[in-house]
Amino acid sequence: AVLVRALRHPERVAAGAAIPAGLLAYMAYLGLRFGNPLAFSASQRSWHRGWAWPWQSLEAAIVRPLSHVPHFDGPTVHAMSDTLWALLFLVISIPATRALPRAYGCYLWLFWLEILSTPAMLDGAPSPLISVPRFVATAFPLILFLAGTRRRFATFCVAAVPFLIVNTVVFLSGGWVA
């Protein structure tokens, strides 16, 4: 059945093949230019990113900031904020998966697999899930889900205010908000 559909719509097959073909072409370029086809992945070490199981990332994201209690410095508050953003949107992903089309749900969980499998845990980085608020901006199914009804949208806006305040304080005190 899949083969018959593919023969009926070769343009869809070509569009689907363009994505891995683009990645393979980029890897070939990196291999020729730098001698490492996975240079895009190796460069993540500069940001203390490496590979880990998703549950290891979540554990480190919860344990590392709490290890500094009761001393809350800027990086600790930022790490806690990143972790709370991740947990909030991870929980929201469950009903979003049920409410949205299957393709959006697959995209959403592949997004989380990528985010949680590449934490900033190398060299004792304080925030394993740093930049999660920025990464969530690419998780468009979450945005569609939250904008789906006025009640969900209003609830999310109210819940986001504390995060906005924390990030504003971090930014105004000279910290990096990403």
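The values are calculated or read from the model by the stated rules, or taken from the named source; none is laboratory data. Keep in mind it's a predicted model, so treat the numbers as computed, not measured. Don't worry about glycine lacking a Cβ; one is built from the backbone with ideal geometry, like all the others, and counts go over all protein chains shown. Accessible surface areas use protein heavy atoms only, side chains included; no ligands, DNA or RNA. Shrake-Rupley method; radii C 1.70, N 1.55, O 1.52, S 1.80 Å.
Values as computed for the structure displayed
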| item | result |
| --- | --- |
| Close pairs from region 145-170: first within 22 Å of Ile94 (Cβ to Cβ) and of a type in the set (Lys, Arg), partner at pLDDT 85 or above and part of a helix (DSSP H, G or I), Cβ under 8 Å, at least 6 apart | Arg152/Phe145; Arg152/Leu146 |
| Conditions (1) under 30 Å from Val161 (Cβ atoms); (2) surrounded by 15 or more Cβ atoms within 10 Å (Cβ to Cβ): number failed by Gln56 | (1) |
| Qualifying residue in region 11-18 (condition: touching a residue at least 24 places away in the same chain (Cβ under 8 Å) and either under 26 Å from Val136 (Cα atoms) or among the aromatic types (Phe, Trp, Tyr) (or both)) | no |
| Region 10-43 - residue that is open to solvent by 70 Å² or more (accessible area, probe 1.4 Å) and aliphatic (A, V, I, L, M) and, of those, farthest from Leu122 (Cα to Cα) | Val13 |
| Within region 99-113, tally of residues that are open to solvent by 60 Å² or more (accessible area, probe 1.4 Å) and either of a type outside the set (A, V, I, L, M, F, W, C) or within 29 Å of Thr76 (Cβ to Cβ) (or both) | 5 |
| Exclusive hit being open to solvent by 70 Å² or more (accessible area, probe 1.4 Å), under 17 Å from the mean Cα position of the chain (by Cα) and in contact (Cβ under 8 Å) with a residue 24 or more places away in the chain, set Leu116, Leu142, Leu88, Leu84 | Leu84 |
| Count of region 156-177 residues which are more than 22 Å from the chain's Cα centre (by Cα) and surrounded by 11 or more Cβ atoms within 10 Å (Cβ to Cβ) | 1 |
| Arg134 being closer than 16 Å to Leu88 by Cα, free of Cβ contacts under 8 Å to residues at least 24 places away in the same chain and of a type in the set (D, E, K, R) | no |
